[in-house]
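Okay, structure first, notes after.
The values are calculated or read from the model by the stated rules, or taken from the named source; none is laboratory data. Every value quoted in this text rests on a predicted model; they were computed, and no experiment measured them. Glycine also receives a Cβ, built like all others from the backbone with ideal geometry; neighbour counts cover every protein chain displayed. Just so you know, the surface numbers come from the protein's heavy atoms only, side chains and all, with ligands and any DNA or RNA stripped out. Shrake-Rupley method; radii C 1.70, N 1.55, O 1.52, S 1.80 Å.
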Amino acid sequence: MLETVFSAGQPSLNGNEQKYVQDCLDRGWLTQGYYVNRFERLFAEYHGVKHALAVCNGTAALHLALAALGLKPGDEVIVPDLTFVATANAVMYTGAKPVFVDVDPVTWTIDPKLIESAITRRTRAIVPVHLYGVPAAMEAINALAVKYGLFVVEDCAEALGASIGGKKVGTLGDVGCFSFYGNKTITTGEGGMVVTNDDYLAAVMRLLRGHGQQEGKRYWHVVLGFNYRLTDLQAAVGCAQMEQLDGILERRKAVFQEYWERLPFVYFQTEEAGSESGYWAMAVTLAPRFNRDRVMKDLAECGIETRPVFYPVNRLPAYNVPGDFFVTDSISKQGIVLPTHAELTPSAVNYISKQLGECLNA
Ligand SMILES: *Cc1c(COP(=O)(O)O)cnc(C)c1O
């Protein structure tokens, strides 16, 4: 087998990363400090929100947000069945129960028409996931949240820069959660962020992030907290990444446009009118007559790394919750995520598209 020529994802580290990391080392302060503050400020300004808190990873961001809601055993939280496992795991960490709901066949995000029947007396929150960059149907979700008095925590791990009606995802619910893992839109290696306009939730999340220690009173821990801090070294990288965000998003969009033109017949994941994707990953499904795993293997032989779409979370051994979610099942079985990153050239996308066409004709 050839070595991988086109990786599924790749960071863009073309800015001030080295300079800021060196400066951080020169300052001699590696834990939460100058660069974390600066990263939080840049992130808050970008989103036009009052509060942005940096955390050690995206899963911690989700857990912190859900913990701040005061969830407890017996509570239920509605999540899509098609997502990365961390969305549901974060609910489990609070003791609450994730209640899975199928996704929409066009956007692949939680189907708002199916949410209402999943709401019970115990439901406390909805966690929509903007999957692969495509915004969930936030208007319908927020309407349900108002009707039933629920919190909305957006999982924006894959959707930095996406928007609905010009409003950035992460600012459309109560709290928005982001990830800066190595393959995400911008990266700090590991890292995450929560954003909110809610002063109370921001204060609780700040408290929980730092061991539950009361501000200004050392070793006085008023609640059971966590250590979810980001390091200044990572935030230094994050600041450099934020400076490149607009360009990264533009180049990712260009990759999508090239795929839309070049790909052979496949079904595209598609955003609703009025929504703008974060263009994180080009995700498509193959018609049922194709063997998805076979196609992925053939592409790997041409040096093209692809990823399968996530398994339905309810079917994972870690969950094993009964339920048949037909849309999630079919997308999961036939879905492929093609190489997508800001360093991918048009000729590379052309080559990948051609190879996929050949694999489908074989
Ligand atoms: C990456 C991701 C997370 C978790 O982020 P980490 O930084 O890896 O902990 C959560 N939800 C979704 C949808 C993700 O893609």
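Counting only DSSP beta bridges with both residues in region 89-208, the antiparallel share comes to about 55 percent.
Peptides 332-341, 271-280 ranked from most to least packed by the mean count of surrounding Cβ atoms within 10 Å: 332-341, 271-280. In whole angstrom, how far apart do the alpha carbon centroids of region 121-136 and region 214-242 sit? Cα centroid to Cα centroid, the span is 26 Å. Over all projection directions, the Cα-based convex hull of region 201-314 averages an area of 12.8 nm².
Here r is the Cβ-Cβ distance between Lys72 and Arg41 and R0 is 41 Å; the resulting FRET efficiency, rounded to 0.05, is 0.75. Within the shell of other residues whose beta carbon sits under 15 angstrom from the beta carbon of Glu250, the net charge comes to -2, with Lys and Arg scored +1 and Asp and Glu -1. Which residue fluctuates the most in the chain, going by a Gaussian network model with Cα springs under 10 Å, if the choices are Thr31, Thr231, Thr107? Per the Cα network of the chain with a 10 Å cutoff, Thr31 tops the list.
Distance between the 7 Å Cα→Cβ label points at Gln257 and Asn291: 3.9 nm. Distance between the C-alpha centres of region 259-287 and region 333-350: 11 Å, rounded to the whole angstrom.
Just checking the listed ones, Ala143, Ala236, Ala54: in the Gaussian network model of the chain with Cα springs under 10 Å, the one fluctuating most is Ala143. Surface exposure of the chain, expressed per residue as accessible area with a 1.4 Å probe, stands at 44 Å².
Within region 1-44, all pairs of alpha-carbon atoms sorted by distance into 10 Å bins from zero give the percentages 21, 36, 22, 16, 5. Counting Lys and Arg as +1 and Asp and Glu as -1 over every other residue whose Cβ lies under 13 Å from the Cβ of His130, the net charge comes to -4. Taking the DSSP beta bridges with both ends in the chain, the antiparallel portion is around 60 percent. Across the alpha-carbon set of the chain, the Rg to Rh ratio works out to 0.97, Rh being the Kirkwood radius.
Take the alpha carbon gyration tensor of region 52-92, find the square roots of its eigenvalues, order them as a ≥ b ≥ c, and report rounded if a/c is under 1.5; if not, report prolate when a/b exceeds b/c, else oblate. Oblate is the answer for region 52-92, as a/c is 1.5 or above yet b/c matches or exceeds a/b.
Shape of region 280-348 from its Cα gyration tensor (a ≥ b ≥ c, root eigenvalues): rounded if a/c is under 1.5, otherwise prolate when a/b > b/c, or oblate? The shape class here is prolate. The Asn361 and Ser117 beta-carbon pair, evaluated with R₀ = 51 Å, returns a calculated FRET efficiency of approximately 0.75.
In terms of its alpha-carbon gyration tensor, region 155-238 comes out oblate; a/c meets the 1.5 threshold, while b/c is at least as large as a/b. Counting only DSSP H runs of at least 4 residues, each contributing -39500 (n - 2.57), and dividing by the residue count of the chain, the helix-based mean residue ellipticity at 222 nm comes to -12000 deg cm²/dmol.
With all pairs of separate Cα atoms included, region 115-260 yields a Kirkwood hydrodynamic radius of 17.1 Å. Relative contact order of region 198-280: 18 percent, from C-alpha pairs under 8 Å at least 6 residues apart in sequence.
Heavy-atom surface analysis with a 1.4 Å probe gives region 139-278 a carbon and sulfur content of 52 percent of its accessible area.
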